[in-house]
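The values are calculated or read from the model by the stated rules, or taken from the named source; none is laboratory data. Just so it is clear, the model here is predicted, and its values are computed rather than measured. Here the Cβ positions follow ideal geometry from the backbone for every residue, glycine too, while neighbour counts run over all protein chains shown. Note: accessible area is taken over every heavy atom of the protein model, side chains too, but ligands, DNA and RNA are not part of it. Shrake-Rupley method; radii C 1.70, N 1.55, O 1.52, S 1.80 Å.
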Amino acid sequence: MIIGDGITKIPENAFSGCSALTSVIIGKNVTEIEDKAFYECSALTSIVIPKGWIGSHAFYKCNSLESVSLGEGVSIIGQYAFNGCEALTTIVIPDSVFSIGSYAFEGCYFDSISIGSGVTSIGEGAFYCAFNECYCYATTPPFFTKKIIYGSVYPTYAFHFDRNAPLYVPTRCERDYYNSDWGRCFSNIIEMD
């Protein structure tokens, strides 16, 4: 399915539960994919998103989703946006994204994760998933959101996996990453050449 350039927003629940939908190309003028827009579209295998923000649970449990192409105009990935998309093996988050919501990619099985240089915050459990390697291109380590319980602030973990998986970071940034929230999640931080 092609969503034409005349459309600017995909409303909440627009295609929720649509089991016949297999691929979607979103037009260049769509700036909002609202909450649960493609919720549990079980046959969806590929999506192309050129820009805008991706709402909460937008592609939640799209179990067949193998390919997600995020354009340089995408700015926010909402909480639970791609949660449970078990067929995804790679994700490249462009430099234009500045925020990744809580549990956005929980339950995925990635070979590789690439996080663009513009990301400044990552929500709790955003990458509670299996993966072999992670690249983060931000020269300042993105912070992990905090939790407040009964007035006390607690750190959260954005990643949950084998701490020995390598994290590749920009040159001269290794120490900053070890001394940040990232150091609690990764024991193998390597500077990129």
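On the accessible surface of the stretch 79-193, probed at 1.4 Å, how many percent belong to carbon and sulfur atoms? Could the numbers behind the result be given before it?
Numbers: 2640 of 5340 Å².
In the stretch 79-193, the share of accessible area belonging to carbon and sulfur is 49 percent.
Lone cysteines in the chain, defined as no other cysteine's Cβ under 4.7 Å from theirs: which are they?
When partners are defined as cysteine Cβ atoms under 4.7 Å apart, the chain leaves CYS18, CYS41, CYS62, CYS85, CYS134, CYS136, CYS173, CYS185 without one.
Where both residues lie in the chain, what percent of DSSP beta bridges are antiparallel, nearest 5?
Bridges in the chain that DSSP calls antiparallel: roughly 5 percent.
Using only the Cα atoms of the chain, what are the Rg and Dmax in Å?
16.5, 49
For THR90 and ASN188 in one chain, what is 0.36 nm times their gap in residues minus the Cα-Cα distance, to one decimal in nm? Can you show the working numbers first?
Values: separation 98, 0.36 × 98 = 35.28 nm, distance 2.01 nm.
Gain on extension, THR90 to ASN188, equals 33.3 nm.
When only DSSP loop residues count, what trypsin sites (Lys or Arg not before Pro) in the stretch 20-82 have their Cβ near at most 15 other Cβ atoms within 10 Å?
Within the stretch 20-82, the qualifying trypsin sites (Lys or Arg not before Pro) (loop, at most 15 other Cβ atoms within 10 Å) are LYS28.
Across the chain, how many lysine pairs, 8 or more apart or on two chains, come within less than 20 Å at their alpha-carbon atoms? Working shown, then result.
Values: LYS9/LYS28; LYS9/LYS36; LYS9/LYS51; LYS28/LYS51; LYS36/LYS51; LYS36/LYS61.
Lysine pairs meeting both conditions in the chain amount to 6.
To the nearest 20 debye, what charge dipole does the stretch 77-182 have about its Cα centre, counting +1 at the Cβ of each Lys and Arg and -1 at the Cβ of each Asp and Glu? Write down the numbers at each step before the final one.
Numbers: 5 positive and 10 negative charges, 65 e Å.
Dipole about the Cα centre, nearest 20: 320 debye.
What is the stretch 76-117's relative contact order, in percent, from Cα pairs under 8 angstrom and six or more apart in sequence?
53
Over the chain, average the accessible area per residue using a 1.4 Å probe and give it in Å², no decimals.
That works out to 46 Å² per residue.
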